[in-house]
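Have a look at the structure below before the remarks.
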Amino acid sequence: MSDVLEFAGVGVVRGGASLLDGIDWSVEEGERWVVLGPNGAGKTTLLQLAAARMHPTRGVASVLSEILGAVDVFELRPRIGLASSALADRVPGSELVRDVVLTASYGVVGRWREHYERLDVSRARRLLRSLGAEHLSERTYGTLSEGERKRVLIARALMTDPELMLLDEPAAGLDLAGREDLVARLGEIARDLEAPALVLVTHHVEEIPPGFTDVLLLRGGRIVAAGPIGMTLTQANLEATFAMPLHLERYDDRWAARSRVPEPGEQGPWTHPTPASSGAAAEPAPGVAAGPASRPVSGPTSADGEVATGADVPSGASDREPQGVPERR
């Protein structure tokens, strides 16, 4: 069993709607995963399971070697760092930035009568400094810009020295400069050998920080593809995920995608797309992988489908086979 996350046949049904179906996924210590997919794909639901804030309807979900449903989640949650918009909405606007970070030690939002050691205060200051936000310590949370709030919440997520760190769309709402600054700082965390296992949810390949090792592509609550990012994040897999013709490019450790005009007569997942979300599990459309049982990519490929070099594959990831849609030739 994985030390960090192990999902086997996991499904989530709420109000008669299938939010996740047949999820088989594992995260090992030291890995940095991106979860990518359109709106309604099940990304946030997946993250809620990983954060021990939701239980699966079926299947087995193990978080930090503890089975959900057989563990006290209130003891498990302090071992997990989480930065999300839901948490951001709960932070009082009058809260001092230093206290936003400090209160993570007690797992509360909003400081009251807790006592903090000098070591806690020093760690909070150090984390804010590492994210370029130490100068904000005496500001109130409500006066911060969106980019500043994102950095403060990431510092909070790291405060308890977690074994797993979850980031739900950390670059959402940022302008270009704010996004690039945050992506660079997350890249530094990803390259830190002492950092916990990371899982980052996003809609956009441009928001994938350097140093991330793996990608999970979701559509309609099912896995389209999963595996080492250099082999799995291909144009064919991305088209299957978003059900539209796309052009994918890679620049060193960064990615970019844009729409393209399909060739005359070209068939693809956009012809008969699988719904991005539905109340029942949908049949896979032609050319769209249904999940872990889908056809494997025949070998390491780059974004445009060419055979990848060793430099294209993240260190330590080349021995794991990706799952997904084969490239069209």
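The values are calculated or read from the model by the stated rules, or taken from the named source; none is laboratory data. As the structure is a prediction and not an experimental result, all values here were calculated from the model. Don't worry about glycine lacking a Cβ; one is built from the backbone with ideal geometry, like all the others, and counts go over all protein chains shown. Each accessible area value is taken on the protein alone, full model and side chains, heavy atoms only, with ligands, DNA and RNA left out. Shrake-Rupley method; radii C 1.70, N 1.55, O 1.52, S 1.80 Å.
Can you name the strands (runs of 3 or more DSSP E) wholly within region 194-261 that have at least 2 residues being under 18 Å from the mean Cα position of the chain (by Cα) and either among the hydroxyl-bearing types (S, T, Y) or over 29 Å from V63 (Cβ atoms) (or both)?
The qualifying strands (runs of 3 or more DSSP E) are 254-259.
Kindly indicate the residue of region 138-181 that is among the acidic types (D, E) and open to solvent by 40 Å² or more (accessible area, probe 1.4 Å) and also farthest from P210 (Cα to Cα) among those meeting that condition.
E138
For region 82-118, give me the residue count where each residue is modelled with pLDDT under 80 and assigned to a loop (DSSP other than H, G, I, E, B).
Selection size over region 82-118: 10.
Can you name the condition, by its number, that Q267 falls short on among (1) under 16 Å from K150 (Cβ atoms); (2) in a loop (DSSP other than H, G, I, E, B); (3) at pLDDT below 95?
(1)
Failed condition for Y116, given (1) of a type in the set (S, T, Y); (2) surrounded by fewer than 19 Cβ atoms within 10 Å (Cβ to Cβ); (3) within 30 Å of L218 (Cα to Cα), with all others met?
(3)
Could you list, in sequence order, the residues of region 55-90 that are of a type in the set (V, I, T) and more than 18 Å from M165 (Cβ to Cβ)?
Correct list: T57, V60, I67, V71.
If you take the residues of region 60-81 that are charged (D, E, K, R) and under 20 Å from I154 (Cβ atoms), which of them is modelled with the lowest pLDDT?
Looking at residues that are charged (D, E, K, R) and under 20 Å from I154 (Cβ atoms), I get R77.
Residues in region 119-137: is at least one open to solvent by 60 Å² or more (accessible area, probe 1.4 Å) and either assigned to a loop (DSSP other than H, G, I, E, B) or closer than 16 Å to L82 by Cβ (or both)?
no
Could you check region 1-20 and list, in sequence order, the residues that are modelled with pLDDT of 95 or more and among the acidic types (D, E)?
Matches in region 1-20: E6 only.
Please specify each residue of region 13-48 satisfying the condition of being open to solvent by 50 Å² or more (accessible area, probe 1.4 Å) and under 24 Å from E206 (Cα atoms).
N39, T44 - these are the residues of region 13-48 that are open to solvent by 50 Å² or more (accessible area, probe 1.4 Å) and under 24 Å from E206 (Cα atoms).
Which ones in region 11-34 are under 23 Å from E194 (Cβ atoms), touching a residue at least 60 places away in the same chain (Cβ under 8 Å) and in a strand (DSSP E or B)?
V27, R32, W33, V34
Got a sec? Which of V100, V73, V10, V60 is surrounded by 21 or more Cβ atoms within 10 Å (Cβ to Cβ) and either charged (D, E, K, R) or farther than 29 Å from Q235 by Cβ (or both)?
It is V100.
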